[in-house]
Every structure is written in C-alpha cells, then in structure tokens.
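Written out below as structure tokens is the structure these notes cover.
The values are calculated or read from the model by the stated rules, or taken from the named source; none is laboratory data. In this text, all values refer to a predicted model and were calculated from it rather than measured experimentally. Cβ coordinates were reconstructed from backbone atoms using ideal geometry, including for glycine residues, and neighbour counts include every protein chain displayed.
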4 protein chains.
Amino acid sequence: MCRWLAYSGTPIPLEELLVKRERSLIDQSLHARRGATTTNGDGFGVGWYDAGGSPRLYRSTHPAWNDRNLKELAAGVSSPLFFAHIRASTGTAIQETNTHPFRHGRWLWMHNGLIREFPILKRDLVLAVDDALYPSIEGTTDSEAMFHLALTFGLEDDPIAAVGRMVGFVEATGRRHGVEHPVQMTIATTDGTTVWAFRYSSEGDSRSLFYSTRMDALKAVYPDLAELSALSDETRVVVSEPLGDLPGAWNEVPESHVGIVRPGTDDLRPFRPSLPD
Amino acid sequence: MCRWLAYSGTPIPLEELLVKRERSLIDQSLHARRGATTTNGDGFGVGWYDAGGSPRLYRSTHPAWNDRNLKELAAGVSSPLFFAHIRASTGTAIQETNTHPFRHGRWLWMHNGLIREFPILKRDLVLAVDDALYPSIEGTTDSEAMFHLALTFGLEDDPIAAVGRMVGFVEATGRRHGVEHPVQMTIATTDGTTVWAFRYSSEGDSRSLFYSTRMDALKAVYPDLAELSALSDETRVVVSEPLGDLPGAWNEVPESHVGIVRPGTDDLRPFRPSLPD
Amino acid sequence: MCRWLAYSGTPIPLEELLVKRERSLIDQSLHARRGATTTNGDGFGVGWYDAGGSPRLYRSTHPAWNDRNLKELAAGVSSPLFFAHIRASTGTAIQETNTHPFRHGRWLWMHNGLIREFPILKRDLVLAVDDALYPSIEGTTDSEAMFHLALTFGLEDDPIAAVGRMVGFVEATGRRHGVEHPVQMTIATTDGTTVWAFRYSSEGDSRSLFYSTRMDALKAVYPDLAELSALSDETRVVVSEPLGDLPGAWNEVPESHVGIVRPGTDDLRPFRPSLPD
Amino acid sequence: MCRWLAYSGTPIPLEELLVKRERSLIDQSLHARRGATTTNGDGFGVGWYDAGGSPRLYRSTHPAWNDRNLKELAAGVSSPLFFAHIRASTGTAIQETNTHPFRHGRWLWMHNGLIREFPILKRDLVLAVDDALYPSIEGTTDSEAMFHLALTFGLEDDPIAAVGRMVGFVEATGRRHGVEHPVQMTIATTDGTTVWAFRYSSEGDSRSLFYSTRMDALKAVYPDLAELSALSDETRVVVSEPLGDLPGAWNEVPESHVGIVRPGTDDLRPFRPSLPD
C-alpha cells in the first residue's frame, strides 16, 4: 500500500506539495490517514518534467520523511508536471528499481494497490509483455509489470483503452488461476502533457483517490487565499488522500472512473476493463 | 524517541526477541505502543558478544522492519548477551554513527530519551569529555555524548556512580543554560558480563522500562511453556516495552532506579544523579 | 566483472580471508590485479553456514572496502564453509537482490563473468526456468538466471550435469540469437557440504580461478607458518585471484574444468556443456 | 584524497561536466589520474544555486559512478554556479554529513587534502569555532572543521583573509602538537556570486589544481568547437584535474595561490596563512 500525488499546472517548487503542508506527502509517509497501512516508509520516488520537457526521476529506498536529498531537490526544482509516490511494500524487495514512478520514453507511471497472488500470476503476465519492452523491466513489482503490459497494449496511442486491456488481461489471467479479485489499483500515468488517473478494483471497492477543485471555482470561494492566487485556473492535483482540510477543495474520483487532466477542459469518465482479444 | 532491548542469559539466536514474536522489536519499529512516537524507522543497531567474548555491532540507517540483513544476522548469530535498538531521531542526522548501541572497548551503551536543548548544551558537555576519549566520538547525538561523559566519569570502574555523575553534570550544565528538565533517559550499558539498566528523568516522569520476571518463578507459573524451559533461571530481558502479554512476565522498573543483571542475584536500586565535584 | 572466494575447512572467522591479509578480498575490491576491472565497488555479499548448518547471507550495495558492518560480521562470525563475492556491475542495477551469493534452500551460488547480450537472451532463458522456481527470481542479473536454470536442470541432484546443461542451453540460446561466445564464467556452488567450482567460457579463454594447495603438502613446505598449523589437512580455498604470494600455495584451475571440494579426497575434472535434450 | 570541480558561467546542465565527458568527474571517481588515490568511491556531493539563487545540495554515500539519482539530477538541473566533489575518505566515517560540499547560509565549501593528525588536533580546533556556529557542525571531518573555523574568522566578510587565518591557526595548533606539516589543501568556496579557489600546503607541495583558460581566448584558438560557442567569455571551471586533453585549455594554479572567479575580471593572487592574533 502506498500514497501518491500528481500535479499539473503552473510551475511550482515540488516542496509546495511534498514538504510544506501539514498533510504533505512526506507527512503521509509517516502518518497516512486513509491507507491500508499508516506508515509508508519503504522508499519513495519523484518524477518531474524538466525545463527541456524531459522526465527525470529521483528514487530512494529510504523513508521519505528522513531523506535530506528529497527535501533539497523538492526545494530546488520547479516543474509544471510532477508525480510523487511513497511506498509501503506488499512483499517485493525494497530497492530503487521497485520504487515508483516508472519511466518509459516520455511516460511516467505510478500505482497504489496490488495484483493479488502476483507471484503465481507473474510468469503469465510477463510473458505477454512485448519482446522489445521485456528487457526494460528492471524491478520485480506488480506495478512495473502492469506498466509494461499497458505499454504492450498501446498506452502511448490510447492510454484509456490500453489500461482497460491491461486490467482485463490481468483479471482474466488471475481468474484462470483461481484468484477472485485480481486487481486493486489507483494509477496515474502521463506523457508529459496529459495526466490520466484511474480508480478501479475487481471487487468494486477501490483505494481512495481525490482531485482538486478547479482553481477558478476555488478562488471564487476563497478570494483571500494567497497560495491560490498564483496558480492558473487549469492547475490540478490528483492524490491518494487530500493534502489538507480546505472545505470544497477535494473531490473523490468515483469508483471505476478515470480522470483526464489536460490543457483545456478536464474530463472524468467511467472506466472498465476490456476483454482481451 | 526509540525502543531498546537488552538480553542476558542462555545463548539464543537474536531472532528469538528481534523477529519471532508478535510484539518483537522489529514489530515495534513499525508499531510501538508506549513510545512518544509510534514509528521507529530512523535506523537500528544490534550489539552482541561473540563466541570469543568480543562485542560486535551491526548498525544501519534503514528501518529495521525492511532490512533483510538484520533478519539474516538475527537468525544466524546466537549470543548470551546482546543489545538491540530502534531509532526515531529527535533531530540529529540519520547515519550509522548516530545509531545505538555505541561501543568503547568491551562496553556497549544505548539510550532512549534526549538531552533537552542539546544543540545549545553540546559544546559545554563535549568539552568535559576526557582528552583521550574525545577523538572516538564519531557521531553527533546526545546519546553518544552521554556515553563519553560517563566514560570520562569512570564508567568502567563504577558504572552507577559514573552515570550518576554524568546525569548530575548534564543537569547542572542544562540549568546553567536555563533548561528546566535537561535529562530524559532509559539507558542500558554492559561490560559483557553485567548489564546496568537506568530509568531516570529530571522531571521524574521517565520513559517506560520493564524487566522480565525471574525464569524459575515464571516456569513455576507456566510449567508447560516450552519456550521458557530451555532458558536458565538467570536469563533476563530488559525492554522499553513488553515483548508480549504473558501475565506476570513483565515488571516495571520504578522511576529513578537502576537494575543490575549479573551472574548470581540481580538487583534493583534507587538511582540519583550526583552533584559534580 | 567480479571477484569471489569460497572457503571450506576448519571453522575460522570470516575476517581471516576477507580482511586480514594484504591481498584480502576487501583489498581486491579496491585493487584487483587480474580482473577485467580493477575496482569492484558495486556491492558485495557474504554467505555462510551457521552453527545449525543453515546458510545465511549478508549483502550490501556499498563498496566492501568502506562497509563497517562487513568488518564487524567478518570478525564476529566463524564458519566451516563460506562464500564471499565483490561485484563490478556489467550493467544491471546496483541493488541487494543483484548481489551474490544467491541462495535456494540449502544451496549457495556465485558467479564471475557474464552472459553476452543478456538483455536479448533473457526472455528465452527465463522462460525455461521451472514454474515453481520462477517466482523466487528476485533480481535482474544473468548470474541469478544461470542459478535458476541450473536448479531447473537438476542442480540439487547432480550439480555438474546440471551446470553442463545450463551452459549448453545458454550457448544454444545465444547462438540462435547470433551471439558468438555467449558464456563467460567462473562459478561456485555448494549444498553446505561439497563445493563445486567451475571455470569455463564459450571462447575457451576464461576468467582466472585458483585453488589452494592441500594443507598437509603446504605444511610440509612451511612447517613454521603458524597460520597454517591450525587448519585441517582438508581445508581448501578457491578464489578468483590468489590471496597472497606464498610460493606453491596457489594452483590455477585449468580451462574448462570443475573442482570438487568435499570431505575426503577432492577432485578436478574436465567440464563441458551438454547439448540440451 | 578527493577530486572536485567548481563551475561558474553560462547556465548549463550539471551533466555537461559531471557525466558527458571522457574524463568527467564521474569518470574520475573510478579512474583519477593525478590523485593520491585512483578510486574516489566513498560518496560524493553536488551543490548548486537554483533559479531563485539558493544553494541546494545532493550528497550520497554511494560511489558517484553507480548512483542513478546523480545522473538524473545532473541531466535535469541547470545552474550558473555549481560545485561537485567525489570523496576518498582519509579515515572518517562514510556518511552524508561527511560529504562535501558543506553549506552555511548562502555559502558552499569543499576541500581536497587533509589536516594531518586531525584526531589529535580536533578538540583544539573545534574549541575555536564560534559558539553560535558550533551546533551546525554535523559531521566529523577535518574539512567541515576548516569551514567552521574560516566562518569564525570572517569568511563571509573577507574570504581570503579568513582562510589565511584558518590555515595559520591550524598550522599553529598542529605545530604545538608536534605535527610538522599540518595542512594539505585545495579548497573552493563561494557566496553564490564569486568563487575562491585555494591551493596550499604546509610543506609547499600541494595537491593539483587547474583553471580553464578564458573562453574568448579559447574560442579564438578553436573557432570550430561547438561546445565552446554557447559559453560566455566569463565562464570558468576550476578542477582538481583537467576534464580533457584540449591543448591550451587548462592552466595550473601555482603553489600557494588563490584564484578568484567573479563577474568582471578574474584574479590569481599569492596566498599565505596569517598568524593568529
């Protein structure tokens, strides 16, 4: 079980959301409120798009709350689009290659949840990964396998369809092995421009996921809140659990939905797995 | 804030107390019940006396609950006398030289608590450390400074008097700087034969400390408990919080007392700081 | 490229070979003489059989030369059979699950060398691993894949035949992908009683491997050498490069041979890959 | 013994000097040519001024050559002024607080060399550090002690005089303890605008130090070298050893000199320690 955060909008120092709040992501690494586990101390990762638009990663096996380099980086780096993830291992090894976000080309991917009975399903799942992608699997997590399956199924062309096929494939594989509810997930993925945030589980009881209210609406309610005024109307945050208690600021992503954060109008749509061909 | 454990008695694999119990020390690293903090994830250390009677250390900055080497070591090493400590930093850096136990010659030392306003007092405290001992200070904690002060004040000759002088000196120094309650501590120290366990705080409200009931008494109450039968009558454990719920097994060290665990009859005596000369 | 060491004989503290010699394994981590690389600073591992005969591991991603815990462990642990390995990565990630020795049940395995074009061959190789073994692959190295293939091909029943089949299979797979010389290896494996040490490469130009002269012969030549007198006649060391310059002490394992170190008479036999069925 | 690099000029990605050259600093971590040690694998650090002009640090105990986060950061962060340092410990612990650069307010500091017999001199040296600065000493190195002495002696007001007093004080202290040649150093320090680079040793035989030729002169000689054309005429690099073999590009800082790199005309002046008051 993990916690994650995706930011898109006016470039800000990463520390604004990772450090400088009572319920920042670093605070959640020590005291999460809604997670299946309260401590997320098995490593963390940050992925951001730099000034040239390239995705960069900083991942560590130390707890986020006591990593000084994370605080330095979060203060020194600003970005218009970044992901951050704190990990509570569900069994796989504590190593950088098992920390999120994962990266492929311009894409980033992070996940909260699990594939149930992954050690049993792993071989069949990994077998379906495209030959050309297979060598770039570096770690041993279910999350990275899901990413490579989604890439195999066309993530770069049609992310929602590809994730749908990935989930359908994992569910079919799981059920063939007698796993009742194979998938539990909230997932964020991005190509550096658009962010897709999925909330889904086979049992229809998914981990929590929230998105921030549109900035123009929020500014209308809180005209005096200085920290909002510098943010563009399109600025949006998607998080496993709210970063604060501001009434009206956070909205739950409904069960089995995908949120799309992009230049122009964002969108929220039903999401369902598709049967493999 | 931290948790610690001291074992003396029949040689056992370290994992018996560190790993293999519902409320083992590793479990306490993730979910302490009585500590000021519930997560003790800022490193850990184990000190044990090997077959030749020499003290050895394994210390790491990773959380105890996810360190595989700790589990291997705890399974592969048996010892008649060992210390273990899990750390929750009160502000000093997360680095091996700041993890307990500390070692000097044949002696080990570990501490739960703090010297209040240590950054302000540190210089005056460290100045009092013996010239010959000064270069062996490797880290930056209050705990290591206390150890070197106790060594300076004669720990190796008369541990109780030396710790009394150390506490008296820290309190006098603290009060000179306007600190009302300078010392909060439970401390364990050993020369490899005897273990001294102190519970004390300037405000008379010390962190918890427990010692196990004599084995012969415990075996009389629980004649069928297999895990007790292999342990000598003199086997004793001193811990920040009980390792289980067995009624009658755990006794609180009273406020301002020192327990002495040694071959022959153990002892429990009032402890008070002494005024510096 | 890496360096390794296997010891079998009179129980000794690990530090005797890892630390306390001018050309100890730790020294080789900083200044190897015969390796393809002179620095082996990408982690290390130690595997030993404890007093109960169980294999234990200590593996770290830090350079061996600056790891204090390794020095403590090597001083505090004695064993009649231990492996040690220092790593220079040939490309895969620096993480504990990629450090040697690897363990399965009672078996340990370590490797120096590489499978050429492993990223291209990996999928076909891993596909051949037994279903039941597949989930226990934790890292991403060629070395661990070789271990799991050898296990699949019967390592626990007939180690020499199994390693022969593994090499034959890797070579056949490699050549199918156009790799001229797929395998370069020295490998040590043990069940806790016997050690098998292989030297082989597809091109017939293998990394160096040495074994120590029988202790009775060595004692006859050096009757006054105190460090030899405590060792049983059957004590034997197999190493990537000699641990010292004592004339007559070290003998090269010939190209395409396997050495067998066991209770009773040791053996040295030609080794060749077998064609897969 | 260590290697370091200081860059001032046109903002560039850190990787230009740390990664992307045959003799980059990361290459020097594995194969230094002029150092007292060829391997500098005991950690590293990078200090840079961010877009807001604040100094940021990334320091790690892993070897620079195998740290992925360093490569990511070096690719993703650009700066007009940065320091980088690779460490070969002369005995003090391998921990982040002992890696360079050190920071105080807006200042950065890094050092190659040592104070001889530092364990013996340390107490007297640290005693001279200003009361208000003392608590900010976090590690245990001679280098950090030198920094705090220089700060005590007025680094922020007159860097050259302060470093002169620091060296004079260390030499006087050393000689009082019978140390013939107490100081061996190349040091770089900066306030974010000007860089001061010192080369000095008590024995007059200092570690190597080089500065790059003025860009306008270099461009005149190599009009076709694309990598030079984007750099301002004032761009300057100071390094322990040259980053390449371009004839005319690198000039040795003379023995007992300090180079001053700043907006406008740079300067190179004799440097000598001053007697303490």
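In table form, for the structure just shown:
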{"item": "Hits in the stretch A:12-25 - residues which are surrounded by fewer than 17 Cβ atoms within 10 Å (Cβ to Cβ) and more than 13 Å from A:GLU227 (Cα to Cα)", "result": "A:GLU22, A:ARG23"}
{"item": "Pick from the stretch D:46-55, criterion within 9 Å of chain A (Cβ to nearest Cβ) and among the hydrophobic types (A, V, I, L, M, F, W, C), ranking: farthest from D:ARG106 (Cα to Cα)", "result": "D:ALA51"}
{"item": "Any chance C:LEU17 is away from chain B (no Cβ under 11 Å), out of contact with any helix residue (DSSP H, G or I) (no Cβ under 6 Å at 6 or more places or on another chain), in a helix (DSSP H, G or I) and of a type in the set (A, V, I, L, M, F, W, C)", "result": "yes"}
{"item": "Near pairs, Cβ below 6 angstrom, 6+ apart or cross-chain, from the stretch D:148-160 (assigned to a loop (DSSP other than H, G, I, E, B)) to any residue that is surrounded by fewer than 23 Cβ atoms within 10 Å (Cβ to Cβ)", "result": "D:PHE153/D:ALA162; D:PHE153/D:ARG165; D:GLY154/D:ALA162; D:LEU155/D:ALA162"}
{"item": "Strands (runs of 3 or more DSSP E) within the stretch A:64-125 that include 2 or more residues surrounded by fewer than 24 Cβ atoms within 10 Å (Cβ to Cβ) and within 11 Å of chain D (Cβ to nearest Cβ)", "result": "A:78-87"}
{"item": "Odd one out for D:SER29 among (1) in contact with a helix residue (DSSP H, G or I) (Cβ under 7 Å, 6 or more places away or on another chain); (2) closer than 25 Å to B:GLY139 by Cβ; (3) of a type in the set (Gly, Ala, Ser); (4) buried (at least 23 other Cβ atoms within 10 Å of the Cβ)", "result": "(2)"}
{"item": "Filtered residue count, the stretch A:145-163, keeping only those that are farther than 17 Å from A:VAL258 by Cβ and surrounded by fewer than 22 Cβ atoms within 10 Å (Cβ to Cβ)", "result": "1"}
{"item": "Residue check, C:GLY76 under 26 Å from A:SER136 (Cα atoms) and among the small types (Gly, Ala, Ser)", "result": "no"}
{"item": "Of the criteria (1) at positive phi; (2) buried (at least 20 other Cβ atoms within 10 Å of the Cβ); (3) modelled with pLDDT of 95 or more, which one B:GLY43 fails", "result": "(3)"}
{"item": "Residue, nearest to the chain's Cα centre (by Cα), within the stretch C:244-254, restricted to residues that are within 22 Å of C:HIS85 (Cβ to Cβ) and part of a loop (DSSP other than H, G, I, E, B)", "result": "C:VAL253"}
{"item": "The listed residue being over 24 Å from B:THR38 (Cα atoms), of a type in the set (A, V, I, L, M, F, W, C) and in contact with a strand residue (DSSP E or B) (Cβ under 6 Å, 6 or more places away or on another chain), out of A:PHE118, A:PHE82, A:PHE44", "result": "A:PHE82"}
{"item": "Verdict on A:PRO55 being farther than 16 Å from A:GLU96 by Cα and surrounded by 24 or more Cβ atoms within 10 Å (Cβ to Cβ)", "result": "yes"}
{"item": "Verdict on A:ARG176 being among the charged types (D, E, K, R) and under 19 Å from A:LEU243 (Cβ atoms)", "result": "no"}
{"item": "Selection count, the stretch B:203-213, where residues are in contact with a Lys or Arg (Cβ under 9 Å, 6 or more places away or on another chain) and in contact (Cβ under 8 Å) with a residue 40 or more places away in the chain", "result": "5"}
{"item": "Conditions (1) part of a loop (DSSP other than H, G, I, E, B); (2) within 14 Å of chain D (Cβ to nearest Cβ); (3) hydroxyl-bearing (Ser, Thr, Tyr); number of the one not met by A:TYR58", "result": "(1)"}
{"item": "Residue match in the stretch B:170-178 (condition: away from chain D (no Cβ under 12 Å), under 19 Å from the mean Cα position of the chain (by Cα), in a loop (DSSP other than H, G, I, E, B) and surrounded by fewer than 22 Cβ atoms within 10 Å (Cβ to Cβ))", "result": "no"}
{"item": "Odd one out for C:SER29, checked against (1) on the phi > 0 side of the Ramachandran plot; (2) under 16 Å from the mean Cα position of the chain (by Cα)", "result": "(1)"}
{"item": "Condition met for D:GLY139 (exposed (fewer than 15 other Cβ atoms within 10 Å of the Cβ), among the small types (Gly, Ala, Ser) and not in a helix (DSSP H, G or I))", "result": "no"}
{"item": "Among the residues listed as A:GLU171, A:GLU203, A:GLU234, the single one being of a type in the set (D, E, K, R) and at pLDDT below 95", "result": "A:GLU234"}
